[in-house]
Amino acid sequence: MSSRTQFFHRVIAGLLTAAMATASISVAEVSLLNFGVYLIGDASIFEYVDPQLRLTVHRPTKHPTPVIVAEYPWESTMHFYGAAVTVAPGDFRIYYACNVGSKEKYDGASSACVATSTDGYTWTKPMLREHPYKNWTQTNIVFSTDDGWFDSIVVLPANLSITTHGLPASARFVLAFDNNLQPEGIAERALQLATSQDGYTFSIVAPPPNLPESFADTSVALLYDEQMDAFVAYGRWDDAPDQHVGVKCGNETPSYNMRSVRAVRRAESLNASLTNFTLTGSPFTFDKLDPQCVDIYNTAAVIYSTAQQSRNSTTAQRASPPLPLEVSYLGFPSVFQHFGNSVNDGVLDIRLIFSRNGTEFAYLGGHRGSFVPRGHGIPGSSASLVDGVEINGVPSAWDAGLVYMYRGLLDVGDGNLVLHYFGQQGTHARQDGSDRGKFGIGRVTLLKDRFVSFGSDTPTLDTSTGNGSRVLQAKTTPVVLPSGPCVSLVLSLNADVSVGGRVTVQLLDATTGQPIQPFTHANHVGLTGNTLTQVSKWGNNGTLHTNLQALAAANTAVHLEFNFSPPAQLFAWEFVCGARQ
């Protein structure tokens, strides 16, 4: 957490302690809300939830064909690893492992290639002179390892003071890759970093981060957390759960022994150091509900906040000094089911996990279905290297074998978030770079903030009246509204309320349990329709009220109470700071 954010929280905590001194509620029971988007990723903030209300994960919409495919001889495969980033409004980029290096083979060195876009949908490959290939003087290669893999890339905020953080002067882009630091034939796969000012020419940082060899395997996700002022990295952790000990998956000898399988390990580097990382535990792994021969291949984790999810924002929340923002971590792990006739073969699909702090992830509402599913059909296997099997004359989809999320969300400005993934028709062990047209980079889209909803689409009869739908209620634990130098503070809701449904909100005094006038259910102009941002309004004596600033300034502990008349789904809320004072 940055010093300025800590200052906000210290001031609020001090005022809250004084305000609660004569109240029946303790400070420890009160949560301090922040500005920005609060994703309904779990129900932890609710003190009471009607049993009929449920969390529902919403799959994104899948584009039917790859949006980037292999075209050039240095793109022998695009492989699993990549990242999509927003550099500036109208400057979107995808960095992907394009696999060519000194060894020019699949298991050897790999390169990072780049594609650019002005809208986040249509991509081109810029031809650059940094890394020529054979008789090609220009390629879209921006970085090449000696004997390893490109993993991910992060774009630092433009307003970050590079020199005060001790970073290289060129460090606007930080690229993560793994590399063999030992002589050829002696494996020591270590995480390394490289920096760039423009995202096209990179310099390797020395010394490499002080992390163990196993951490670097299987696509490290590197992030910069603005609130913590720290780099966060998610890498591999070899775990050995009871249900996997001695299990062998696959029919060949030697088969893949599942004595230890991949899980996720976390490291962080405070004060934005690029070399001094500290391991902080395992935030996500398999559990007793997972079957044998399943492991977690990566996280593709992102930080989701008003500041970092959208570089297009020009709201007061991005002004100086920055206000404390709600932050959520989203992960998109590829879950690997081992099977088949080859060592380490199987299929992968993408799930969705969630965390409030980045140190402990969980499935949303226990949902383990695929967030991005594999394409239809039966994948081509490593044993035959034939096309995917046709079913009733319909060939398997180009991504029927595996899908693997690229790190990064693109807010393209049209209400959608755009995510990208690697897909291939073959299974994991079928990694044949000559089989072009059977792999590529795919796209999925999702309306902003709509990863998971909280609500119900199933009305039940109100037995007290014998007519209409029963109102379903959810009430938060005691909270204090975000406070800052704002002229106004409004509550905006992201909700999908179908015909016949309704959502209202009221604020209750946390010490008395009584509604705070005029912010009551009776006065609330109920939500109807499908809206990404709808400001909450309360009508009283012919006047509409929206400004909650007085409650925030007084540090009044309140409950937010939501009444749902199904069909109605709530995805997120956002406290928006108006013009600065």
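The values are calculated or read from the model by the stated rules, or taken from the named source; none is laboratory data. Since we're looking at a predicted model, the values are computed, not measured. Cβ atoms come from the backbone with ideal geometry, glycine included; neighbour counts cover every protein chain shown. Side chains are part of the model used for accessible areas, which takes the heavy atoms of the whole protein and leaves out ligands, DNA and RNA. Shrake-Rupley method; radii C 1.70, N 1.55, O 1.52, S 1.80 Å.
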Spin-label zone in the stretch 478-506 - amide nitrogen under 19 Å from a point set 7 Å from the Cα of THR512 along the C-beta vector: 478-481, 506
Cut-off 10 Å between beta-carbons: net charge of the residues surrounding THR139, Lys and Arg +1, Asp and Glu -1: +1
Extended-chain gain in nm, criterion 0.36 nm per residue less alpha-carbon gap, VAL394 and ALA553: 51.0 nm
Long pairs among LYS62/LYS125; LYS62/LYS248; LYS125/LYS448; LYS448/LYS537; LYS448/LYS475, criterion Cα-Cα beyond 31 Å: LYS62/LYS248
Local electrostatic count at ARG374 - Lys and Arg +1, Asp and Glu -1, tallied over other residues with Cβ under 10 Å: -2
Largest to smallest accessible area among MET228, MET405 [probe 1.4 Å]: MET228, MET405
Rounded to the nearest 10 Å², the accessible area of CYS293 at probe 1.4 Å: 20
Förster radius 41 Å - calculated FRET efficiency between LEU279 and THR201, Cβ distance, rounded to 0.05: 0.85
Square roots of five times the Cα gyration tensor eigenvalues for the stretch 389-508, Å: 44, 24, 12
Residue order for SER214, SER305 - accessible surface, 1.4 angstrom probe, largest first: SER214, SER305
Computed label-point distance, nm, for sites HIS376 and ARG59 using a 7 Å Cα→Cβ extension: 1.1
Other-chain or far-sequence residues with amide H under 5 Å of ARG470's (modelled H): THR460, LEU461, ASP462
Note, ³J(HN,Hα) from phi for the stretch 394-402, Karplus 6.51, -1.76, 1.60, rounded to Hz, x at Gly and Pro: 9, x, 4, 5, 5, 10, 6, x, 7
VAL490, VAL261, reordered so the largest accessible area comes first (probe 1.4 Å): VAL490, VAL261
Formal net charge of residues neighbouring PHE519 (Cβ-Cβ distance under 11 Å; K, R +1; D, E -1): -1
